[in-house]
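The values are calculated or read from the model by the stated rules, or taken from the named source; none is laboratory data. Computed from a prediction, not measured in an experiment: that's the story for all the values here. Cβ placement follows ideal geometry from the backbone for every residue including glycine, while neighbour counts extend to all protein chains displayed. What goes into the accessible areas is simple: the full protein's heavy atoms, side chains included, and nothing from ligands, DNA or RNA. Shrake-Rupley method; radii C 1.70, N 1.55, O 1.52, S 1.80 Å.
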Amino acid sequence: MKSSRRLPITIVALFVACSSLWAGNTLGLLPAPRSVEIRQGQFDFCADVNVYTHDDTLADYLSDYFVVQRWIDYSTSILVGINPSLDLPAEGYVVDVKPEGIMVSGVDYGGAFNGVQTLLQLFPPEVYGGNFRGECTIPCLRITDWPEYSYRAMHLDVARSFVPFEQMLRYVDNLSRHKINTLHLHLVDDEGWRVEILSHPELTEVGAWRGGEGAPLHSVYSHWGERYGGYYTQDQLRTLVEYAEVRNIEVIPEIDLPGHSLAIAKAHPEILCPVEKDLTLTAGYDTSNVWCVSREENYTLLDDIFREICQIFPSEYIHIGGDEVAMGSWRKCPHCSALYEREGYTDYHQVEGYFLNRVVEIIGRYGRKPAVWNEAINGGNLTLTARVHGWEAGKIAAQSAEKGFQTVVMSGPFFYFDMRQSDDEPGHNWAGVVTTQKCYSYRLAEQGFSERAKENVVGFSGAFWTELLSVHEEQNPHYIDYQLYPRVCALAEICWMPESERRWSDFEKRLVNHHFARLEAMNIHYRKGKPAEPDGKIITPKMCCTTSLPMRRESDLDKISRYANSYGVRAARTCRSGDIIAYEFDERLPEGALVEIVTGYRHVTRGLFPSGTVEVSADGIDFLPVGSLHNGRANFVVDGVVNYIRISCTTTGNGDPYVFIQQPIIRVLD
Ligand code: TNX
């Protein structure tokens, strides 16, 4: 919700806007504050400056950065306090710098915390190294500031890739430095159940791990054939909640329902609809992931789960999912289709609405409100108390707000930081290339929001889905930082600054000239710019691609043979051990050429050969191994006569009912 209390200073808004833009640039504050008045003189900071705050939590937090006194006396020159009588909206603060000292006052805890973040930005970046002992001068000034939106979030998917606990704390810490105040924690999905539920230990015993001997959950995305996963104990999650609270961040847990539930279904297959399944295309692996709506015992299990979730997380809202539900099983289920008839529904989205309303009732018993993904409102029967997260492209978020739902804007093409940042970089691609500038450019009216709908926007959220994290971390242990920063900086400002005052050119100057040095000092491995192209040039020698796999359309293989489909083409079933993909060239490949072999999608490691060998041959009879597949891929350098390349699969099943076939990329140095 927009900050409702308006300050008397709106009369001088124009002056304030100008001074804020100007001063923002000199000081490089990010997000830019509402108003900065620069005054005569300066405050000299040196090693014996003492900091005092009456708030013990803040004192602990500040002691990471400064020498903090536990008493106040004549030597105190930086004072941080909470003053509820300040005439400021929630989370607002004032920073007053005078020659004799600095006063940071927040209207509430969040305000004081935000003020501290601004204070830190007035120091040289080394302040982020901790225990700052340097000398510096800070110009006398008065900053008055408050956020435009009360919901300023980043999301983190810990299901697809397991994010170690310590890394999660670091994630929170760095967000808090950007005045982000919410962590939306996506705790469970098809690929993992990551929260300990004491009354149901089987959920993590089975659902927290995938791959390895006899595991009910198959390998996916990375670590093929190995046991991979992990979960958080309730104690850890409570520690996270406290750690985040100190940093003015609320953790909102998400249990994604009724779809995306393969991990729990592996522990409790009875939660699924009792329908016949044809598993030939997946070599026997059942990927059904939607809860049966009509099975009453399901709601008892859900009650057990949410009772504990609500004990761990004190947040007002609990996210209950609602996205991408494959409704086919409900149509086939005798009980769910009977429910459909009985309720007089006209659309299966209403069945989803029914299920989610039951879950709303459950969390309501524990005093909580529901948050959902935007599809949840498609049936028209979901309770209006739900807060809706608009993630799909286009006018989806606007429609939710127009219908009267409190709405969080997290539209994929602007705020999905799992998307790539240029064509050739790692990342998802379904929402296009998401640059920092693209994120910064989001404007509500341009995205279909009416004045009325704007009133229902509670804020913005970036998303970080982690299908690709565990794969890319192998090469780049700083993949999270690379994907988040500086896009989070843009998000932070969108959440903080009124839309009418945002200027990309001004933001970019502050980012590059001031904030990059801070990110550096925070030890964030942010993206510094477009990476260099690989050396050499790509050639497309005449070739014919064949496979032992049945194709959906035989003609698709011709496209691969002509290097005419860089997206890949789809075979009609999963892989089996012994499957072959082969490329036969008219002429031998140039000596020294670098060949990149990919099975599966290009950007996403799915639909691939989980393991296999790559061999080459001069005559198509005698083959020599040149590599084995890792995450469905292999590279080799042409050494000798190569007229044939053959990829042989050594695993049956890849979790999907298909394999994607790609053209090889052959690169020669100039
Ligand atoms: C869509 S966003 C999803 C996620 C994926 C994401 C990848 C949403 C509610 N569903 O399950 O991880 O795209 O970008």
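Scanning for something at pLDDT 95 or above, among the small types (G, A, S), open to solvent by 20 Å² or more (accessible area, probe 1.4 Å) and more than 29 Å from D286 (Cα to Cα), does region 331-352 turn up at least one residue? Before you say what the answer is, go through the steps one by one.
Residues of region 331-352 that are at pLDDT 95 or above, as a first pass: 331-352.
Next, from what is left, pick out any that are among the small types (G, A, S): 337-338, 344.
Right, trim to open to solvent by 20 Å² or more (accessible area, probe 1.4 Å) and you get 337-338, 344.
Still in the list and also more than 29 Å from D286 (Cα to Cα): 344.
Yes: one or more hits.
Just give me the residues in region 41-76 being part of a loop (DSSP other than H, G, I, E, B), open to solvent by less than 60 Å² (accessible area, probe 1.4 Å) and closer than 20 Å to F123 by Cα, in sequence order.
From region 41-76, those part of a loop (DSSP other than H, G, I, E, B) are 46-49, 54-55, 63-67, 70-75; that's our starting set.
Applying the additional criterion that residues be open to solvent by less than 60 Å² (accessible area, probe 1.4 Å) yields 46-47, 49, 55, 63, 65-67, 73, 75.
Correct list: C46, A47, V49, S63, Y65, F66, V67, S75.
Listed here are the residues, each with its yes/no results for (1) within 17 Å of C273 (Cα to Cα); (2) within 16 Å of the ligand (Cβ to nearest atom); (3) acidic (D, E).
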{"site": "R307", "(1), (2), (3)": "no, no, no"}
{"site": "C310", "(1), (2), (3)": "no, no, no"}
{"site": "E316", "(1), (2), (3)": "no, no, yes"}
{"site": "I320", "(1), (2), (3)": "no, yes, no"}
{"site": "D323", "(1), (2), (3)": "no, yes, yes"}
{"site": "A326", "(1), (2), (3)": "yes, yes, no"}
{"site": "H335", "(1), (2), (3)": "yes, no, no"}
{"site": "Y340", "(1), (2), (3)": "yes, no, no"}
{"site": "D347", "(1), (2), (3)": "no, no, yes"}
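Quick check on this structure: which one of G214, G230 is modelled with pLDDT under 95 and not aliphatic (A, V, I, L, M)? Steps first, answer last, please.
Numbers: G230 fails: modelled with pLDDT under 95.
Going through G214, G230 in turn, just one is modelled with pLDDT under 95 and not aliphatic (A, V, I, L, M): G214.
Tell me, please, whether a residue that is touching a strand residue (DSSP E or B) at 6+ places or on another chain (Cβ under 7 Å) and among the aromatic types (F, W, Y) can be found in region 525-536.
No, region 525-536 contains no residue that is touching a strand residue (DSSP E or B) at 6+ places or on another chain (Cβ under 7 Å) and among the aromatic types (F, W, Y).
Regarding F516, is this residue over 25 Å from Y151 (Cβ atoms), part of a helix (DSSP H, G or I) and either within 16 Å of the ligand (Cβ to nearest atom) or open to solvent by less than 40 Å² (accessible area, probe 1.4 Å) (or both)? Write out each step before concluding.
On the way: over 25 Å from Y151 (Cβ atoms): yes; part of a helix (DSSP H, G or I): yes; either within 16 Å of the ligand (Cβ to nearest atom) or open to solvent by less than 40 Å² (accessible area, probe 1.4 Å) (or both): yes.
It is true that F516 is over 25 Å from Y151 (Cβ atoms), part of a helix (DSSP H, G or I) and either within 16 Å of the ligand (Cβ to nearest atom) or open to solvent by less than 40 Å² (accessible area, probe 1.4 Å) (or both).
Is it true that N357 is touching a residue at least 12 places away in the same chain (Cβ under 8 Å), of a type in the set (S, T, N, Q), surrounded by 14 or more Cβ atoms within 10 Å (Cβ to Cβ) and within 16 Å of the ligand (Cβ to nearest atom)?
Against the criterion (touching a residue at least 12 places away in the same chain (Cβ under 8 Å), of a type in the set (S, T, N, Q), surrounded by 14 or more Cβ atoms within 10 Å (Cβ to Cβ) and within 16 Å of the ligand (Cβ to nearest atom)), N357 does not qualify.
Restricting attention to region 558-566, does a residue exist that is closer than 30 Å to Q167 by Cα, surrounded by fewer than 17 Cβ atoms within 10 Å (Cβ to Cβ) and free of Cβ contacts under 8 Å to residues at least 60 places away in the same chain? Write out each step before concluding.
Restricting attention to region 558-566, the residues satisfying the condition of being closer than 30 Å to Q167 by Cα are none.
Checked region 558-566: no residue is closer than 30 Å to Q167 by Cα, surrounded by fewer than 17 Cβ atoms within 10 Å (Cβ to Cβ) and free of Cβ contacts under 8 Å to residues at least 60 places away in the same chain.
Here is a check on your reading of the model: is Q117 touching a Ser or Thr at 6+ places or on another chain (Cβ under 9 Å), assigned to a helix (DSSP H, G or I) and touching a residue at least 60 places away in the same chain (Cβ under 8 Å)? It would help to see each step written out before you state the result.
Values: touching a Ser or Thr at 6+ places or on another chain (Cβ under 9 Å): yes; assigned to a helix (DSSP H, G or I): yes; touching a residue at least 60 places away in the same chain (Cβ under 8 Å): yes.
Yes; evaluated as a whole, the condition is true for this residue.
Would you point out which residue out of V488, V458 is among the aliphatic types (A, V, I, L, M), closer than 17 Å to Y171 by Cβ and either in contact with a Cys (Cβ under 6 Å, 6 or more places away or on another chain) or away from the ligand (no atom under 16 Å from the Cβ) (or both)? Walk me through how you get there before you give the answer.
Numbers: V458 fails: closer than 17 Å to Y171 by Cβ.
On inspection, the qualifying residue turns out to be V488.
Please work out which residue is nearest to the ligand (Cβ to nearest atom), limiting yourself to region 250-262 and to residues that are open to solvent by less than 10 Å² (accessible area, probe 1.4 Å) and under 17 Å from S329 (Cα atoms). Before you say what the answer is, go through the steps one by one.
Taking region 250-262 as the starting set, the residues that turn out to be open to solvent by less than 10 Å² (accessible area, probe 1.4 Å) are 251-259, 261.
Then drop every residue that is not under 17 Å from S329 (Cα atoms), which leaves 257-259, 261.
On the way: L257: 12, P258: 13, G259: 9, S261: 12 Å.
Looking at the filtered set, the residue picked out is G259.
Going through E533, E554 one at a time, which residue ends up being open to solvent by 40 Å² or more (accessible area, probe 1.4 Å) and either without any contact (Cβ under 8 Å) to a residue 40 or more places away in the chain or over 30 Å from L484 (Cβ atoms) (or both)? Lay out the reasoning, then the answer.
Values: E533 fails: either without any contact (Cβ under 8 Å) to a residue 40 or more places away in the chain or over 30 Å from L484 (Cβ atoms) (or both).
When all the criteria are applied, what remains is E554.
Hey, among the residues in region 201-231 that are over 19 Å from D256 (Cα atoms) and without any contact (Cβ under 8 Å) to a residue 60 or more places away in the chain, which one's surrounded by the fewest Cβ atoms within 10 Å (Cβ to Cβ)?
G214
Hand me the list of helices (runs of 4 or more DSSP H) wholly inside region 313-423 holding 2 or more residues that are among the acidic types (D, E). Can you show your working first?
Details: elements: 328-332, 334-342, 349-365, 396-402, 412-415.
In region 313-423, 349-365 are the helices (runs of 4 or more DSSP H) which contain 2 or more residues that are among the acidic types (D, E).
Among what's in region 152-200 and is within 24 Å of E226 (Cα to Cα) and more than 16 Å from the ligand (Cβ to nearest atom), pick the residue that is most open to solvent (accessible area, probe 1.4 Å).
Taking the candidates together, the pick is E166.
Hey, any hits in region 604-624 for a residue that's over 18 Å from C545 (Cα atoms), within 37 Å of the chain's Cα centre (by Cα) and among the hydroxyl-bearing types (S, T, Y)?
Yes, the conditions are met somewhere in region 604-624.
Could you check how many residues of region 369-378 are farther than 14 Å from L257 by Cα and surrounded by 21 or more Cβ atoms within 10 Å (Cβ to Cβ)?
Kept after step one, since they are farther than 14 Å from L257 by Cα, are these residues of region 369-378: 369, 378.
Of the ones still in play, those that are also surrounded by 21 or more Cβ atoms within 10 Å (Cβ to Cβ) are none.
Number satisfying all stated conditions: 0.
Taking the residues in region 432-455 that are under 24 Å from V604 (Cα atoms) and open to solvent by less than 10 Å² (accessible area, probe 1.4 Å) as candidates, determine which candidate is farthest from the ligand (Cβ to nearest atom). Step through it out loud before you land on a result.
To start, the set of residues in region 432-455 that are under 24 Å from V604 (Cα atoms) comprises 432-436, 438-439.
Subsequent filtering for residues that are open to solvent by less than 10 Å² (accessible area, probe 1.4 Å) retains 434, 439.
Values: V434: 10, C439: 15 Å.
Among them, the one singled out is C439.
Given the structure, is S500 within 16 Å of the ligand (Cβ to nearest atom) and farther than 12 Å from M419 by Cα?
Numbers: within 16 Å of the ligand (Cβ to nearest atom): no; farther than 12 Å from M419 by Cα: yes.
Spelling it out, it is not the case that S500 is within 16 Å of the ligand (Cβ to nearest atom) and farther than 12 Å from M419 by Cα.
Does Y228 qualify as being closer than 30 Å to N114 by Cβ, away from the ligand (no atom under 16 Å from the Cβ), in contact with a helix residue (DSSP H, G or I) (Cβ under 8 Å, 6 or more places away or on another chain) and hydroxyl-bearing (S, T, Y)? Show your work before the answer.
Numbers: closer than 30 Å to N114 by Cβ: no; away from the ligand (no atom under 16 Å from the Cβ): yes; in contact with a helix residue (DSSP H, G or I) (Cβ under 8 Å, 6 or more places away or on another chain): yes; hydroxyl-bearing (S, T, Y): yes.
No: the conditions fail for Y228.
Among A90, A112, which is the only one that is more than 25 Å from R487 (Cβ to Cβ), modelled with pLDDT of 95 or more, open to solvent by less than 40 Å² (accessible area, probe 1.4 Å) and not in a strand (DSSP E or B)? Lay out the reasoning, then the answer.
Details: A90 fails: open to solvent by less than 40 Å² (accessible area, probe 1.4 Å).
None of the other options fit; the residue is A112.
Are any residues in region 381-396 within 12 Å of the ligand (Cβ to nearest atom) and touching a residue at least 40 places away in the same chain (Cβ under 8 Å), and if so, which ones?
We begin by selecting, within region 381-396, every residue within 12 Å of the ligand (Cβ to nearest atom); these are 388-393, 396.
Across region 381-396, the qualifying residues are H389, W391.
Quick one: in region 533-557, of everything that is within 16 Å of G568 (Cβ to Cβ) and acidic (D, E), which residue is nearest to the chain's Cα centre (by Cα)?
In this case the residue turns out to be D556.
Got a number for residues in region 360-380 being farther than 14 Å from L302 by Cα and more than 16 Å from the ligand (Cβ to nearest atom)?
Result for region 360-380: 5.
Any idea which of S470, S500, S505 is without any contact (Cβ under 8 Å) to a residue 12 or more places away in the chain, in a helix (DSSP H, G or I) and within 28 Å of N523 (Cα to Cα)?
Values: S470 fails: without any contact (Cβ under 8 Å) to a residue 12 or more places away in the chain; S500 fails: within 28 Å of N523 (Cα to Cα).
Among S470, S500, S505, only S505 is without any contact (Cβ under 8 Å) to a residue 12 or more places away in the chain, in a helix (DSSP H, G or I) and within 28 Å of N523 (Cα to Cα).
Checking the conditions here, which among E508, E499, E467 is open to solvent by 10 Å² or more (accessible area, probe 1.4 Å) and out of contact with any Asp or Glu (no Cβ under 9 Å at 6 or more places or on another chain)? Lay out the reasoning, then the answer.
Numbers: E499 fails: out of contact with any Asp or Glu (no Cβ under 9 Å at 6 or more places or on another chain); E467 fails: out of contact with any Asp or Glu (no Cβ under 9 Å at 6 or more places or on another chain).
After ruling out the rest, the residue left standing is E508.
For region 401-431, give me each residue that is within 13 Å of the ligand (Cβ to nearest atom), small (G, A, S) and without any contact (Cβ under 8 Å) to a residue 60 or more places away in the chain.
Selection gives S411, G412, A431.
Among the residues of region 461-485, write down those that are charged (D, E, K, R) and more than 16 Å from the ligand (Cβ to nearest atom). Reasoning before the result, please.
At the first step, the residues of region 461-485 found to be charged (D, E, K, R) are 467, 473-474, 481.
Result: E473, E474, D481.
With respect to L624, determine if the residue is crowded, with 17+ Cβ neighbours inside 10 Å and at pLDDT 95 or above. Give the steps one after another, and end with the answer.
Working: crowded, with 17+ Cβ neighbours inside 10 Å: no; at pLDDT 95 or above: yes.
Criteria not met by L624.
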